[in-house]
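Comments concern the structure below.
The values are calculated or read from the model by the stated rules, or taken from the named source; none is laboratory data. Owing to the predicted nature of the structure, the values given are computational and were not obtained by experimental measurement. Reconstructed Cβ throughout: ideal geometry from the backbone, glycine too, with neighbour counts over all protein chains shown.
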Amino acid sequence: MSRNEIDTKSRILEATWRLLEAQQGQGVSMSDIASEVGISRQAVYLHFASRTELMIATLSYVDQVKGLDERLERLQSVRSGAEHLEACVEVWGNYIPEIDGLARAIMLAKDTDEAMAAAWNNSMGCLRDVCRTTIEMLDREGRLNTEWTQDEATDMLWTMISIPNWEQLTIECGWSTRQYVQYMKALLKRTFVQ
């Protein structure tokens, strides 16, 4: 891929991100994105075969720009399931405020927009995988609270740290990010770790 093609692709992803946040995910078309970038709609399709592919790529692009992979490296260095649980809450709880605008846009649109739903499910599937890893570590160590199966605990952990729950506590209840992380770590340890 030439330097010009890479630049165009990045401009498309950046424009998609901006439009999704500005329009809260509603009515962002390939034509809107093309117009924002200053290229034809067909040129957008040269870089992304479908709108779904573009939406998934946009979320990956945002994660790259925000340094999510580097943040997740912290999870590789922990030695126990309890440490993994705490690190997961710290990484995710501090990351959500940075992506909240985009997340809200996609959550608003996903029920009526197939491409948005696919992008959302792809991203939240990755978060669920991290939750499953945490629970599996606790179970292997014999420290998973015995009232939970691995599947149930994964479901519950994933739900408890969901973006809507974060929004309820921080936006609606006025908690700071620091409070959210601190209290969520304590709650989750009491819930899952024996």
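Those residues that are assigned to a helix (DSSP H, G or I) and farther than 13 Å from MET30 by Cβ, I need them from region 58-68; list them, please.
Residues of region 58-68 that are assigned to a helix (DSSP H, G or I), as a first pass: 58-65, 68.
Scanning region 58-68 gives LEU59, SER60, TYR61, VAL62, ASP63, GLN64, VAL65, LEU68.
With (1) part of a helix (DSSP H, G or I); (2) assigned by TED's automatic domain parsing to the domain that holds TRP158 as the list, and VAL44 as the residue in question, which single condition is left unmet?
Result: VAL44 passes all but (2).
Quick one: ALA82 ticks every box in (1) loosely packed, with under 14 Cβ neighbours inside 10 Å; (2) part of a helix (DSSP H, G or I); (3) over 18 Å from the mean Cα position of the chain (by Cα) except a single one, so which number is it?
(1)
Six or more apart or on different chains, Cβ atoms under 7 Å: show the pairs whose first residue is in region 28-48 and within 10 Å of THR16 (Cβ to Cβ) and whose second is part of a helix (DSSP H, G or I) and polar (S, T, N, Q).
ILE33/THR16
If we scan region 28-36, do we find a residue that is closer than 21 Å to THR112 by Cβ, modelled with pLDDT under 90, of a type in the set (A, V, I, L, M, F, W, C) and assigned to a loop (DSSP other than H, G, I, E, B)?
Within region 28-36, one or more residues are closer than 21 Å to THR112 by Cβ, modelled with pLDDT under 90, of a type in the set (A, V, I, L, M, F, W, C) and assigned to a loop (DSSP other than H, G, I, E, B).
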